[in-house]
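Colleague: Here it is: the structure, laid out below.
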Amino acid sequence: MRILATAILISMLVGVAGAVASARTTLTVGVFPDLDSVLKAVIPEFNKVHPDIEINLQTLGFADHHNALLTALATGSGAPDVVAIEIGYLGRFAVEGGLTDLSRPPYNAGELKDLFVPFAWGQATTTDGRIVAIPTDIGPGTMFYRRDVLEAAGVDIDAVASWDDLVEMGRKVTRDLNGDGKADVFLIAAASTIADAMYRGDIPEGEGVYFDARGRTVVDSPRFVNAFTVAQRVRQAGLDARIGAWSNEWYEAFKRGTVAVELSGAWLGGHLQNWMAPETAGKWGARDLPSNMYVSWGGSFYAIPEQSRHKDAAWKLIQFLTTRPEIQILAFRTTNAFPALQAALEDPLFDEPVPFLAGQRARRMWAEAAAKVHVSVIHPGDPVAQEIVGSALTQVLEEGKDVRQALAEARQLIERRVRR
């Protein structure tokens, strides 16, 4: 009898174990570098809370990830259960459909609104009230500068109040050091970066970067004319090194100190420190953009495709990643992904001096800048408009095309392509 009872008990335990095993959910998560590093760091913490959910991380290159997601949403199959989306793609995905509306039960994501930096939440909300994603990191715009380069030129970065001041500073820092008649040190790597910063700033409340609240393109407005004009002045004066972003020449300029400033999201500081130019620690500083301009420069979100087979588990993961201050801070420590969660920004970490920036308390400055970015709307035509405006800017800078003519033609082209 004892043997029989033991056998029955073992059978029951095996049955229970089998039931637990069968209850385990495998959640596929589609992500791009370097956000995948955040997921790898956070997954062990998530599994402490949700041991019944296994994460299958699927990482593709930035463009490949978004293109694959676009195809999967269009065809209705092949999308992961949770997907990361960069802000530049969010508008297109939001309007073309395929993402779960998180404003509806059982998610009721609207209750989370006040937890996040306002402009980031606004970017995830469509004009018809749908919440298509939850923000996880943001990119408050900033100006990094080389302290040693500016000191050698005898200029004071604090004297730069306007974009005109920046151009004038560029005339002083751009110099021929070896006397061969060619500049060796420049104001900035690319004049186009100045235009990018300027037309992303001072966006009227409720308007988007390229379209107004009624969906009309605004790429020939004074905001774009001014941005293109200043960039053209920088190029014509020979103040930029004509170096494209994310190239070896770009990295080398940061290492060698052949550019005085760079405009970007705050995330560039982490890249400079971690892999682009770690040997330049202490030589950099950061400050707000000229003319008190506050811009959103990048940002990431998590969403649930409609075709997800595990929406309940997907929502648990998204909430874990985005609404827990300790997890957002872990993400920041991992990749310098600046938190979209307001409570995370209250952590003492954001008041600490940053050794790479010569002890500057830049994180608090970025948090305060993020609070000043206007809430803007996203539009499905944003990726198309971004491409066309970029081409127009190239024509202005490389071919000397008239600014107003280039923008007028860009507007017509955007209107034709968006109507299709």
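Colleague: Starting from segment 125-139, keep only residues that are more than 19 Å from A84 (Cβ to Cβ), then list their pairs with residues that are at pLDDT 95 or above whose Cβ atoms are within a distance under 9 Å, requiring at least 6 positions of separation or different chains.
Modeller: The qualifying pairs are G129/D101; G129/S103; G129/G110.
Every residue, every condition in (1) open to solvent by 10 Å² or more (accessible area, probe 1.4 Å); (2) at pLDDT below 95; (3) among the small types (G, A, S), yes or no:
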site: A286; (1), (2), (3): no, no, yes
site: L289; (1), (2), (3): no, no, no
site: W297; (1), (2), (3): yes, yes, no
site: K311; (1), (2), (3): yes, no, no
site: K316; (1), (2), (3): yes, no, no
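Colleague: Another one. For segment 354-420, which fully contained helices (runs of 4 or more DSSP H) count at least 3 residues that are over 18 Å from V219 (Cα atoms)?
Modeller: Because the criterion is at least 3 residues that are over 18 Å from V219 (Cα atoms), the helices (runs of 4 or more DSSP H) in segment 354-420 that meet it are 362-370.
Colleague: Of the numbered conditions (1) open to solvent by 40 Å² or more (accessible area, probe 1.4 Å); (2) farther than 26 Å from A190 by Cβ, T322 fails exactly one; give the number of that condition.
Modeller: Tallying (1) open to solvent by 40 Å² or more (accessible area, probe 1.4 Å); (2) farther than 26 Å from A190 by Cβ, T322 fails exactly one: (1).
Colleague: Which one of A260, A253 is at pLDDT 95 or above and either touching a His at 6+ places or on another chain (Cβ under 7 Å) or in a helix (DSSP H, G or I) (or both)?
Modeller: Unique residue meeting the criteria: A253.
Colleague: Would you confirm whether any residue within segment 105-116 is of a type in the set (K, R) and open to solvent by less than 30 Å² (accessible area, probe 1.4 Å)?
Modeller: Scanning segment 105-116 turns up no residue that is of a type in the set (K, R) and open to solvent by less than 30 Å² (accessible area, probe 1.4 Å).
Colleague: Can you tell me which of (1) free of Cβ contacts under 8 Å to residues at least 24 places away in the same chain; (2) of a type in the set (A, V, I, L, M); (3) in contact with a strand residue (DSSP E or B) (Cβ under 8 Å, 6 or more places away or on another chain) is the one A159 doesn't meet?
Modeller: (3)
Colleague: Going through segment 113-165 one residue at a time, which ones are in a strand (DSSP E or B), under 17 Å from the mean Cα position of the chain (by Cα) and over 30 Å from E252 (Cβ atoms)?
Modeller: F116, T125, I134, P135, T136
Colleague: Considering only segment 33-60, state which residues are modelled with pLDDT under 95 and outside any helix (DSSP H, G or I).
Modeller: If the condition is that a residue be modelled with pLDDT under 95 and outside any helix (DSSP H, G or I), then P33, D34 are the ones that fit.
The values are calculated or read from the model by the stated rules, or taken from the named source; none is laboratory data. Here the structure is a predicted model, which means the values were calculated and not measured. Note that we place each Cβ from the backbone using ideal geometry, even for glycine, and neighbour counts take in every protein chain shown. Please note that ligands, DNA and RNA were not included when accessible areas were found on the heavy atoms of the full protein model with its side chains. Shrake-Rupley method; radii C 1.70, N 1.55, O 1.52, S 1.80 Å.
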